[in-house]
Amino acid sequence: MHLSTPLAVGADRAPRPEKGDYAIILGRINPGKGQDVGARLAQRVGVPLVLAGPVGPYHRPEDLAAAGDEARQNPDVRFFYDEVAPHVDGELVRWVGTVAGQERDDLLAGAKASLFPLRWEEPGGTAVVESLALGTPVVATARGCLPELIEHGRTGLLTTDEDELGDLLLAASLLDADECRREAAARFTPAVMAQRYVELYERVRHGARTRQLQVA
């Protein structure tokens, strides 16, 4: 999985982030991302959880509140109201809406863990490598690209059991933020990604050339 983030450049030399007691789920709120699972787990194990991301087209809680019942025509809004909002109490579980820039980086860096309670085969993973670059270990369902990006027990904790995520969330503070940042600096800078794509293209070109010679 060839991903990169500018945050990974020099991440291993950055000051150690000061950690809070909360976990974070960063991303658009929808069933595939599993924010309802995360909210239930946070309430069960007593770990404060921040949900950061839009609900449908609504980027701030006040925007969604102002939209009224018509907003429920959007499936992500219905999911939020039906499955997530009942667990959002403003204290243990908070929805802060979309965050960006330095605000997002500070929120992510201050988290004890980034939580990815996935229900689908995640093909991307930008938020995962951003978390590592900012020194935040990942707790996730082992689906999609996550096993390629996370080393279990070193830069994060993975499971195929949804219920086990709560226990892993409690254990995340045992992981080393510096290990996460070193891994990001070694694997996820734009320069490293570019070099890996060059190597991939060279292998493809060499394979095509070999097949041409065999046919000839």
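Hey, can you find the accessible area per residue of segment 75-216 for me, probe 1.4 Å, expressed in square angstrom?
Dividing the accessible area of segment 75-216 by its residue count gives 50 Å².
Using the eigenvalues of the Cα gyration tensor, what equivalent ellipsoid semi-axes result for segment 1-140 when each is taken as the square root of five times the eigenvalue, whole Å, largest first? Mind showing how you got there, number by number?
Numbers: eigenvalues 134, 51, 41 Å².
Calculated on Cα positions only, the semi-axes equal 26, 16, 14 Å.
Evaluate 2.2 N^0.38 Å with N set to the residue count of segment 138-205, then give the Cα radius of gyration divided by it.
Taking N as the residue count of segment 138-205, the ratio is 1.36.
Please find, in a Gaussian network model of the chain (springs between Cα atoms separated by less than 10 Å), the residue of D76, D176, D21 whose mean-square fluctuation is greatest.
Result for the chain, Cα springs under 10 Å: D21 fluctuates most.
Which of the peptides 27-40, 94-107, 179-192, 129-142 is most tightly packed, and how do the rest follow, judged by the mean count of other Cβ atoms within 10 Å per residue?
The packing order, highest mean first, is 129-142, 27-40, 179-192, 94-107.
Which residue fluctuates most in the GNM of the chain (Cα springs below 10 Å): D89, D69, D167?
D69
Please work out how much accessible surface I25 shows to a 1.4 Å probe, ignoring ligands, DNA and RNA, in Å² rounded to 10.
Answer for I25: close to 10 Å² accessible.
Can you tell me how segment 1-57 classifies by the Cα gyration tensor, rounded, prolate or oblate, using a/c under 1.5 as the rounded cut? It would help to have the intermediate numbers written out before the result.
Values: a/c = 2.64, a/b = 1.41, b/c = 1.87.
The shape class here is oblate.
Report, to the nearest whole %, how much of the accessible area of the chain belongs to carbon and sulfur atoms, 1.4 Å probe, protein only. Numbers along the way, then the final one.
Values: 5500 of 10650 Å².
The value for the chain is 52 percent carbon and sulfur by accessible area.
I'd like the accessible area for L108, computed on protein heavy atoms only with a 1.4 Å probe and all protein chains in place. Round to 10 Å², please.
Roughly 0 Å² of L108 is accessible to a 1.4 Å probe.
Report the full-extension gain for the segment S173 to H152: residue separation times 0.36 nm, less the Cα-Cα distance, to one decimal in nm.
6.2 nm
Treat every Asp and Glu Cβ in the chain as -1 and every Lys and Arg Cβ as +1, leave all other atoms uncharged, and give the resulting dipole magnitude about the Cα centre to the nearest 20 debye.
With Lys and Arg at +1 and Asp and Glu at -1, about 960 debye.
The values are calculated or read from the model by the stated rules, or taken from the named source; none is laboratory data. Only a predicted model underlies this, so the values are computations on that prediction, with no experimental measurement involved. Neighbour counts are summed over all protein chains in view; Cβ atoms, including those assigned to glycine, are modelled from backbone coordinates with ideal geometry. Remember, those area values only see protein heavy atoms, side chains included, never the ligands or the DNA or RNA. Shrake-Rupley method; radii C 1.70, N 1.55, O 1.52, S 1.80 Å.
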